[in-house]
1. Take segment 27-50 and flag every residue that is assigned to a helix (DSSP H, G or I) and either loosely packed, with under 15 Cβ neighbours inside 10 Å or without any contact (Cβ under 8 Å) to a residue 12 or more places away in the chain (or both).
2. Out of the residues in segment 153-174 that are open to solvent by 50 Å² or more (accessible area, probe 1.4 Å) and among the small types (Gly, Ala, Ser), state the one that is farthest from GLU233 (Cα to Cα).
3. Please tell me if LEU360 is within 14 Å of the chain's Cα centre (by Cα) and modelled with pLDDT of 95 or more.
4. Quick check on segment 319-331. Is at least one of its residues at pLDDT below 90 and surrounded by fewer than 23 Cβ atoms within 10 Å (Cβ to Cβ)?
5. Say we look at segment 134-152 and pick out the residues that are surrounded by fewer than 16 Cβ atoms within 10 Å (Cβ to Cβ) and out of contact with any Gly (no Cβ under 9 Å at 6 or more places or on another chain); which of these is nearest to PHE103 (Cα to Cα)?
6. Hey, can you tell me all the residues within segment 217-234 that are of a type outside the set (D, E, K, R) and part of a strand (DSSP E or B)?
7. Kindly indicate which of ILE310, ILE367 is open to solvent by 40 Å² or more (accessible area, probe 1.4 Å) and either touching a Gly at 6+ places or on another chain (Cβ under 8 Å) or under 27 Å from PHE232 (Cβ atoms) (or both).
8. Within segment 94-112, how many residues turn out to be surrounded by fewer than 16 Cβ atoms within 10 Å (Cβ to Cβ) and either touching a Phe, Trp or Tyr at 6+ places or on another chain (Cβ under 9 Å) or at positive phi (or both)?
Amino acid sequence: MRKSGLNLSGIKENNRALILQMICTAGQITRSELAARSKLSQMTVTNIVNEFLSKNLIEELPPEEHLKLPGRTPMVLRVCAHAPVILGVFISRCWIYGTIGDFSMHLLDREEVALGEVESEQTVLEKLRRLVQTLIARCERTICGIGVATVGAVNPERGSIAYITSFYGIEKLPVADFLRRHFPYPVYVANDMQAAGLCELYFGVGREEDDFLYVGITNGVGAALISNRELFESHGEMGHMSINCNGPQCTCGNNGCLELYVSTPHILQRIREDCGVQLSTMQQAVALAMDDRTAYTTLYNALRRLGYGINNYLNLINVPTVVLGHDAFFLPDELIASMQGHIESTGIAVHLMDRELRILRSTFEDIAPLYGSLCVFLQRIFRGDYPIDELLLSIGQGMKRSDPLTAVIQ
């Protein structure tokens, strides 16, 4: 949310960012649709579009599919096939994933590296550097920046992991400072739940919903709140919401935290104890639960507790849509429906909503954080925080193969 007004140059930058966002997130869109949705004049839209066309940021062409109607077929706008791209990184607890993607969420390349049983700050950062360097070396297009989604509580101003538990004894990690020392690109960092929420806002559920709650299950449980089409910039540590004050002690120091009952490791451990079966992924747990009554009961109990956590959130924020992502994407329909029914029967906020509660799966399945890493950078552009002129300048300069980058890598 802006804390000050906009002068004329600020209004221009805001309008350009809005038009670019609409083109990127629509896939393809006409000039008249841009004017109608943005509520800007046709002249303003035309001036912005012509500037983007002249800089090869977008392109105009006949639609791939259109009705054969009398009259002129409207041309559509989309991101240019040679426009700059973003390098995205997702730091999980066991892997570092990387990708190159364009402004419309098309992944052009992927790479990953495993984290071992023993790591240190230095080894994690070195693996991060090598992964980024590998993706840059393979990319043929201009890279305009790096977006990072990561586990842990993030300080977005510093671009660092401010605090993380159960991560090789590491509690803090200066991600942005490290990457900026090695690569000549702007770097932005966000928590992986917030990154996934941004991805849903721009390219998923947010195309229809202005307000929703993203909930992800991994080694913990996290959440991201979208309100009035803005990411509510809280830490979203839903997993450390206590649902049992007399429960076991969590690594955070609290008792009975939600993630002690609902996280992926906990669910797999309970199935191992209850069924004598060793599993390694949530997908395997769900598959077993569909054939094994004991495993089904274990999963049912976990989702009942997840419902308590979601219900607590909804009683505070009152949004009508919940999106399940990360490993929660794999939860079976019948158990999601059961959890929703329990929330509807016990939640106070549900009675205050102007429509029925919906619980949906993520548009981006279990890899929303990787897509979201691209949106961590895109958010700065779409909000007008990253100057469009800098973006257009990067096209002309062709930063990808510049001498400064080669010198830094060497």
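The values are calculated or read from the model by the stated rules, or taken from the named source; none is laboratory data. Keep in mind that this is a model prediction, so the values were computed, not measured. Backbone-built Cβ (ideal geometry, glycine too); neighbour counts: all protein chains shown. Please note that ligands, DNA and RNA were not included when accessible areas were found on the heavy atoms of the full protein model with its side chains. Shrake-Rupley method; radii C 1.70, N 1.55, O 1.52, S 1.80 Å.
1. From segment 27-50, those assigned to a helix (DSSP H, G or I) are 31-38, 42-50; that's our starting set.
Selection gives SER32, GLU33, ALA35, ALA36, ARG37, GLN42, MET43, THR46, ASN47, ASN50.
2. GLY169
3. On the way: within 14 Å of the chain's Cα centre (by Cα): no; modelled with pLDDT of 95 or more: yes.
Against the criterion (within 14 Å of the chain's Cα centre (by Cα) and modelled with pLDDT of 95 or more), LEU360 does not qualify.
4. Within segment 319-331, the subset at pLDDT below 90 is none.
No, because not a single residue in segment 319-331 is at pLDDT below 90 and surrounded by fewer than 23 Cβ atoms within 10 Å (Cβ to Cβ).
5. Narrowing segment 134-152 to residues surrounded by fewer than 16 Cβ atoms within 10 Å (Cβ to Cβ): 134, 137-138, 140.
Subsequent filtering for residues that are out of contact with any Gly (no Cβ under 9 Å at 6 or more places or on another chain) retains 137-138, 140.
Values: ALA137: 20, ARG138: 18, GLU140: 16 Å.
Once the filter is applied, the top-ranked residue is GLU140.
6. First pass over segment 217-234, keeping only residues of a type outside the set (D, E, K, R): 217-228, 231-232, 234.
Passing the criteria: ILE217, VAL221, GLY222, ALA223, ALA224, LEU225, ILE226, SER227, LEU231, PHE232.
7. Working: ILE310 fails: open to solvent by 40 Å² or more (accessible area, probe 1.4 Å).
After applying the criteria, what remains is ILE367.
8. Of the residues in that region, 3 qualify.
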